[in-house]
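Okay, structure first, notes after.
Every number here is computed from the coordinates shown, using simple stated rules; none is lab data. Here the structure is a predicted model, which is why all the values come from computation and not from measurement. Cβ atoms come from the backbone with ideal geometry, glycine included; neighbour counts cover every protein chain shown.
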Amino acid sequence: MKQKLKNGLILALIGITVISCKKDKILPINNITNTPTESKIPVKSESVTILGDKLENPYTVENMQIAFNQLATKSQNETLEKTDLYVRFLPKNSAELKVLVEDLELDLWDTPVEYEVKEYGAYYHDPNLPTDNYTWQYTTVKPDFQFPNIKYEIVNELFLPENAKKSNISKLVNLEELEFTALQITNNLEKGEVFGTKAQKWNPQGYIRVENYINQQTQSGPISINNIVPVKNVKVRAQRWFHIASDWTDDNGHFFIDSKFKKNVKIKVIFKNKNVRIRAIRGFNVQQMSHVVKKTIGEFDYSDIANVDYTFFNVTDLEAEEKSQWMACQTINSMREFEVYSNEDGLPAPVKKMNVWLTTKITSDAAAPMIHKIGTTPLMFTIVELYLISSNHPLFAAIYPILIDFSPDITFDYDRKYDALTSDRIANTLYHEFTHSTHYKKVGNGYWLSYIGYIVTNLGYGDGTANGAGRIEVSETWAETIGDIYTDRRYTVNSIGTQYTKLMEIYPYYDWIAEGIMYDMIDSDNYYDTYYNYVDNVDQYTLINCYNAMDDDVVSLVGFKNRILQETNNLQQTEVNDLFTSYGF
């Protein structure tokens, strides 16, 4: 659990006086070299997608057969067989949706592909269904798919040329020409769309970026610094009809989808990767909270397909769709940075497929309960209410089952003032929580249930005297150490007026927790330790030494000290004992 910084600390560090009527100085946004690509179809936030006319599906077996018969010779009497099924599911609750997206790992979309789109919104809801019910979820599956006990309909049997490349059909006709002909006979060709040598295609590619925000503290007052930076390791999906392909952005925010398209390509950013699936509690569309955060950035034609450029900007409205997407960008970037830094330090890779919840509704700053990974436990229900949403919230009854079915591993409350919700502070908190997750990975369910059980029982950290407090000391000290080191590594300019590790040196204790003691074992600067009468002559330990010592039977900082000495052949034993004694151990 990550706590907020001490009140007034930043101001005290740099010796400035708060004047309530003084406004922040805003610097021009730096590093903007991108020209946003314009979508051919309007995209509007906080709205429902608007559909137009229904189109004839060119990919049905029947229409593909007609197209094949036009192209084949009389001797080529071949009957096409379905390659896929176009289906839709109607989950009645979040538990059924979980079966579809997590157990079966289906790639679902809420908008039927056989309709024109007049305007893209945040989501689509079938007008024939009650607004407080889940809407139809569309996808394709193979003909031998075993359907779960969830309401579904087979919309069409399909013949998808890209899935028939090894069939006998591919030897008889050109599959690209077959697709073109099917589009033609069903009146689905776009103006200027041709087949042959002039029919150029493009790989969807481009850049996804985000506006980072730093509220730098200076002697003359705060200065807002807004830089455009890459969004790293986020999924980008391209789709036209049933032609769907994806890629993940690299560390420059660039994606390249290894599949070619000509026109009408819908590009969507989906905030998930191998490590995290990011959801958000915001607004009042409860069903959308079951899905990871997504953003349709537009529909593109011709060369625009290969020049997509989109930036997520920060906004002041905490409940806005744009704010949750901006927070998702900050979160997925922080995870990528944590992964890279952990690798640099020889620490283990992040836990895979964590559920991360971002919200303005929760009752705790941030936490790593790891409930999704632990599985069903009697503590789950209490933890969800403690960490995510209180029982007196007006939407509690509707949201609560979703939080149980997609239970949190990491939570983050971003209900705070605009100038306090800066990129470096967000990263610092998330590095801290991700560090908890790798600690959990090492010590297992039993240790972590005791850890979160203590927090639930004591409604936080307590005063350090209750049974189990030692686990809090070990876990919080380790998470604070990594969080501050990684924040300094990422942000040479930050919003707190000094380095995060220096802040920990100045305030090595948080309440009763000796948050600075592990950092003192690896740093070479003991200026503040001398000032506060801590004896820090330890300088030969590494982060991996500390991590290795945090076994599942290490339930106090004294136990940590004994284990790390044991594992390092008593490296600097006298100095380590002096350090721990000066901290009161």
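Data for the structure
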| read-out | value |
| --- | --- |
| Amide H contacts under 5 Å for residue 212, placed H, 5+ residues apart | 227, 228, 229 |
| Descending Cα extents along the principal axes, region 46-94, whole Å | 55, 26, 12 |
| Surface/4 estimate of mean projected area, convex hull on alpha-carbon atoms of region 247-354, nm² | 8.3 |
| Sequence-distant aspartates and glutamates (8 or more away, or on other chains) whose Cα lies within less than 13 Å of residue 235 | 107, 247, 250, 251 |
| Positive dipole terminus of region 50-185, leading residue within 127, 170, 138 (C-beta point charges) | 170 |
| Under the Karplus curve 6.51 cos²θ - 1.76 cosθ + 1.60, θ = phi - 60°, whole-Hz ³J(HN,Hα) for region 550-562, x wherever Gly or Pro sits | 8, 6, 5, 9, 8, 10, 7, 5, 5, x, 4, 4, 4 |
| In region 72-159, chymotrypsin sites (Phe, Trp or Tyr not before Pro) in a DSSP loop with at most 16 other beta-carbon atoms within 10 Å | 145 |
| Above-threshold pairs, the threshold being 20 Å between Cα atoms, out of 40/118; 166/201; 44/294; 54/201; 323/373; 165/274 | 166/201; 54/201; 323/373; 165/274 |
| Region 253-293: relative contact order as a whole-number percent, Cα under 8 Å and 6+ apart | 33 |
| Principal-axis tilt of helix 61-71 within the chain, Cα atoms, nearest 10 degrees | 60 |
| Gap separating the Cα centres of region 410-453 and region 506-569, nearest whole Å | 20 |
| HN-Hα J in Hz across region 225-230 - Karplus 6.51, -1.76, 1.60, θ = phi - 60°, x for Gly and Pro | 10, 10, 10, 8, 10, x |
| Whole-number percent relative contact order across region 231-325, with pairs defined as alpha carbons under 8 Å at least 6 apart | 24 |
| Relative contact order (percent, whole number), the chain, Cα cutoff 8 Å, 6+ residue spacing | 13 |
| Relative compactness, region 533-585, computed as alpha-carbon Rg over 2.2 N^0.38 Å | 1.06 |
| Interchain or long-range residues, amide H under 5 Å from residue 281's placed H | 358, 359, 360 |
| Over region 50-185: Rg over Rh, Cα atoms, Kirkwood Rh | 1.03 |
| 222 nm mean residue ellipticity, helices alone, for the chain (DSSP H n ≥ 4; -39,500 (n - 2.57); rounded to 500) | -9500 deg cm²/dmol |
| Normalised per residue, the volume of the convex hull around the Cα set of the chain (Å³) | 174 |
| Order of 546, 329 - criterion: other Cβ atoms within 10 Å of each residue's Cβ, fewest first | 546, 329 |
| Burial ordering of 294, 232, fewest other beta-carbon atoms within 10 Å first | 294, 232 |
| Residue 51 long-range amide H proximity, modeled H, under 5 Å | 118 |
| Trypsin sites (Lys or Arg not before Pro) restricted to DSSP loop in region 417-515 with at most 16 other C-beta within 10 Å | 417 |
| Cleavage-rule hits (GluC sites (Glu not before Pro)) in region 189-281: DSSP loop, at most 14 neighbouring Cβ within 10 angstrom | 190 |
